[in-house]
1. Mind telling me which of the residues THR127, THR43 ends up being under 30 Å from ASP344 (Cβ atoms), surrounded by 14 or more Cβ atoms within 10 Å (Cβ to Cβ) and of a type in the set (Ser, Thr, Tyr)?
2. Restricted to region 344-366, and to residues that are part of a loop (DSSP other than H, G, I, E, B) and exposed (fewer than 13 other Cβ atoms within 10 Å of the Cβ), which residue is modelled with the highest pLDDT?
3. Looking at GLU90, GLU75, GLU57, GLU83 in this structure, which one is in contact with a strand residue (DSSP E or B) (Cβ under 6 Å, 6 or more places away or on another chain), of a type in the set (Asp, Glu) and more than 17 Å from TRP352 (Cα to Cα)?
4. Name the residue, out of ARG69, ARG95, that is within 30 Å of MET345 (Cβ to Cβ), modelled with pLDDT of 95 or more and touching a Phe, Trp or Tyr at 6+ places or on another chain (Cβ under 9 Å).
5. In region 64-76, which residues are touching a residue at least 60 places away in the same chain (Cβ under 8 Å) and either among the basic types (Lys, Arg) or open to solvent by less than 30 Å² (accessible area, probe 1.4 Å) (or both)?
6. Quick one: how many residues across region 308-343 are more than 22 Å from the chain's Cα centre (by Cα) and not in a loop (DSSP other than H, G, I, E, B)?
7. Any residue in region 318-345 that's farther than 10 Å from ARG45 by Cβ and of a type in the set (Val, Ile, Thr): show its pairings with residues that are open to solvent by less than 60 Å² (accessible area, probe 1.4 Å) and not in a loop (DSSP other than H, G, I, E, B) at Cβ separation under 8 Å, as long as the two are six or more apart or on different chains.
8. Any chance region 17-28 includes a residue that's part of a helix (DSSP H, G or I), of a type in the set (A, V, I, L, M, F, W, C) and open to solvent by 20 Å² or more (accessible area, probe 1.4 Å)?
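The values are calculated or read from the model by the stated rules, or taken from the named source; none is laboratory data. Computed from a predicted structure; not experimentally measured. Virtual Cβ from ideal backbone geometry, glycine too; neighbours counted across all protein chains shown. Please note that ligands, DNA and RNA were not included when accessible areas were found on the heavy atoms of the full protein model with its side chains. Shrake-Rupley method; radii C 1.70, N 1.55, O 1.52, S 1.80 Å.
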Amino acid sequence: MELAGIGPGPFASMLLADLGADVVRVDRPGGTGIGVAPAYDLTNRNKRSVLVDLKAEGGPDTVLDLVERADILIEGYRPGVTERLGVGPEDCRARNPRLVYGRMTGWGQDGPLAPTAGHDIAYIAITGALGMIGPDPDGPPTIPANLVGDYAGGSLYLVVGVLAALQHARTHGEGQVVDAAMVEGTAHLTTMIHGLLMAGGWQDRRGANLLDGGCPFYGVYETSDGGHMAVGALEQQFYSQFARLLGIEDAGIARFDPAYWPRLRAAVAARFRSRTRAQWTEVFEGTDACVAPVLSLHEAPDHPHLAARATFTEHGGLPQPAPAPRFSLTPTRVHAGPARPGGDMAAVAHDWAVPALIPTVQEHSA
């Protein structure tokens with residue numbers, strides 16, 4: 001079950017739905033107040049939706065009837081909201097002791113900031129993750145859309161957590177609450193960098209390290225037509241191919257010396273500006289130089305490798321990323337488009353044996 005929200009909660013339940021879970025999204029009348037039109041909200045694919053007003057008489061009881069039959073519940077409200085609505089962890093687990101109750105927030109369920117609002121950019125800011133992203137040590141950090149906090153530090157950690165808790169519930173017969181905080185998931189993502197920092201292999205400033213754009217053989221360069229090429233030629237055998245194909249074979253003598261990086265960067269940039277993105281793509285295609293063209297969202301599905309692996313798919317006329325990862329025995333697929341709010345009331349009432357939804361179905365139809 002998913003109590004409808006925005007951002008990382010819906011993405012987490014979409015991932016579970018992609019993997020084969022029967023996900024019922026409990027939408028509220030009037031919607032969430034933000035987001036794309038339901039017909040295009042791809043994070044609601046492979047789900048079913050029912051409309052329940054948690055503030056109306058009987059609303060919480062209907063949700064608890066669904067909870068009684070669920071393995072996992074996911075919610076993304078501020079701490080204390082579901083408790084006030086009557087569908088908090090204690091209410092739910094009183095009806096279903098094996099339930100895994102997944103809570104998705106930015107700050108976590110407690111702490112000084114827990115009751116306050118926030119978004120991805122603030123969560124990754126206080127963890128140090130935002131501050132280390134970007135090639136310019138004197139400029140502002142680069143904003144990585146909302147991929148790092150909402151989805152990497154949030155959704156993916158929530159999914160790992162609820163699946164681990166589900167395994168525990170099936171082994172021991174007891175559910176539990178999973179407190180997935182984006183600040184903690186994001187901080188956890190920086191574990192390797194903290195190790196490098198303590199070992200003296202990372203400077204605590206952006207644009208000065210091997211993996212943050214400071215290194216000339218791990219970065220992005222403009223081509224003559226305004227396109228860009230991404231370079232990740234770290235190891236010597238890969239760098240050797242890169243330098244040879246780019247035409248700077250004599251420019252790598254002191255490549256790990258930061259004092260040499262400005263000179264090497266200038267040489268690499270000058271070479272990339274001499275040809276178009278398509279021409280450089282052809283030069284590096286099929287080699288171990290670790291160079292790739294920077295594609296737009298519209299261009300990505302047509303890349304030969306992604307097309308060969310069907311990394312993108314289409315359903316109902318909507319192109320979209322295909323489910324991931326892949327399984328040898330239980331292949332995944334997009335089998336249903338974005339769930340329309342309340343569009344599956346009768347089917348869920350039947351399949352989950354929740355007759356309380358039937359009057360709501362009639363009201364919704366009227």
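1. When all the criteria are applied, what remains is THR43.
2. Looking at the filtered set, the residue picked out is ALA353.
3. Only one candidate qualifies: GLU75.
4. After ruling out the rest, the residue left standing is ARG69.
5. Matches in region 64-76: LEU66, VAL67, ARG69, ALA70, ILE72, LEU73, ILE74, GLU75.
6. 1
7. THR332/ASP18
8. Among the residues of region 17-28, not one is part of a helix (DSSP H, G or I), of a type in the set (A, V, I, L, M, F, W, C) and open to solvent by 20 Å² or more (accessible area, probe 1.4 Å), which makes the answer no.
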